[in-house]
Amino acid sequence: MEEKRNKRIAQLALFSVLAALAGSVQSQTSDMKEKERMYTYVALWAVPRAKWTEFEKPVPSDQKILDQGLGDGTLIAYGSDFNLVHSADGYTHDSWWSSHSLAGLMKVLDAFEKSSASTTGAITSATKHADAVLVSRHYNWHAGTYKGAYSHGSSYTLKPTAPDDAVELLSKSIFEPVMEKLLAAGSVVEYEVDEESIHTQSPNTFWLYYVTPTAEGLDKVNAAVRAAVKADPLLGPSFDSMIDFVPHRDSLDRTDVTFK
C-alpha cells in the first residue's frame with residue numbers, strides 16, 4: 001500500500017513537471033516551423049594504433065564522392081572523427097555523411113562500396129566495425145568547413161515513465177535554447193539531437209552532439225548549461241524525471257567536418 005502511494009506521488013510530481021515543461025515549450029516554439037528530417041550514416045572503426053596515421057590520410061576517391069554528393073544536393077554535411085578519450089573496447093575513428101533522405105545516404109554508401117578504397121588500404125586493418133543510421137529533427141549549423149574542431153557527444157536513455165514525445169520536449173525546452181545561443185555566439189558551429197532511424201540499440205536511447213571550433217568552446221558549453229539550470233529551477237527536475245543516468249556515456253572527438 002505504501003509502495004503504491006509513493007509511486008502515485010512520484011507520478012503526480014512527474015505530471016506537474018511535464019505540464020510546466022510543455023507550457024515552456026509552447027511559449028518558446030510557437031512560431032518555429034518543424035525542420036526537415038536529417039538522416040546520418042555513421043561508420044565506426046577500431047583501428048590499431050600503428051595504422052592511425054595511414055587511416056587518417058584523405059583518400060581522393062572518397063573525397064570526390066563526398067564533394068559530389070554535397071554539390072548535387074544529395075548530402076548536406078559530412079565529416080570524420082578521431083576519438084580523444086579511448087576505452088578498452090571502444091572505436092577509434094568514424095566517418096559519416098548526412099542527407100535529408102535515406103535514399104541520399106544509400107546513394108553515397110553505394111558509391112563507397114564500389115570504390116576500391118573500401119576493400120583496400122588501412123581500412124582492412126580495422127579490428128572492429130559497426131554502422132548506425134540516425135535521424136534528427138532538432139539541429140542547426142553554420143555552413144563551412146572546419147578542420148581540427150572538437151565534437152562532443154552525450155548518450156541518454158529515457159526512463160520507462162517518460163512521455164512518448166520526451167525527446168521533442170527536452171530538445172525544444174532545454175537543448176535548443178542553450179545551443180542556439182552558443183551557435184549565435186560562435187562557440188559552437190553545429191548541434192543535433194539524434195535518435196536511431198534503424199534501431200540497433202534500445203529505442204529509448206538518444207544523443208546530443210555539438211561541434212566547437214576550439215577547445216575553449218567545450219568550457220563555454222559547460223558554463224552555458226550550468227547557467228541555464230541555475231536560471232530555471234524547472235530544468236533540472238524536468239531532465240531528471242525523464243532520464244536514466246546509469247547508462248549515460250559521453251564522447252569527445254577531434255573532427256574535420258563540412259556543413260552545406
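What to note about this one:
- Selection of segment 187-207 for residues being in a loop (DSSP other than H, G, I, E, B) and crowded, with 16+ Cβ neighbours inside 10 Å yields 187, 188, 189, 204.
- Single residue of 111, 103 found to be crowded, with 17+ Cβ neighbours inside 10 Å, assigned to a helix (DSSP H, G or I) and free of Cβ contacts under 8 Å to residues at least 60 places away in the same chain: 111
- Selection from segment 134-156 of residues that are over 22 Å from residue 83 (Cβ atoms) and either aliphatic (A, V, I, L, M) or surrounded by fewer than 20 Cβ atoms within 10 Å (Cβ to Cβ) (or both): 135, 137, 140, 142, 143, 144
- The single condition among (1) in contact with a helix residue (DSSP H, G or I) (Cβ under 7 Å, 6 or more places away or on another chain); (2) surrounded by fewer than 21 Cβ atoms within 10 Å (Cβ to Cβ) that residue 210 does not satisfy is (2).
Listed here are the residues, each with its yes/no results for (1) of a type in the set (D, E, K, R); (2) closer than 16 Å to residue 132 by Cβ; (3) in contact with a helix residue (DSSP H, G or I) (Cβ under 8 Å, 6 or more places away or on another chain).
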{"site": "86", "(1), (2), (3)": "no, no, no"}
{"site": "94", "(1), (2), (3)": "yes, yes, no"}
{"site": "101", "(1), (2), (3)": "no, no, no"}
{"site": "109", "(1), (2), (3)": "no, yes, no"}
{"site": "115", "(1), (2), (3)": "no, no, yes"}
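- Of the residues contained in segment 163-183, one or more are found to be charged (D, E, K, R), surrounded by 18 or more Cβ atoms within 10 Å (Cβ to Cβ) and within 30 Å of residue 227 (Cα to Cα).
Every number in this text was worked out from the coordinates using simple rules, so none of it is lab data. This structure is a prediction, so every number in the text was calculated from the model and none was measured. FYI the Cβ positions are ideal-geometry reconstructions off the backbone, even for glycines, and counts take in every protein chain you see.
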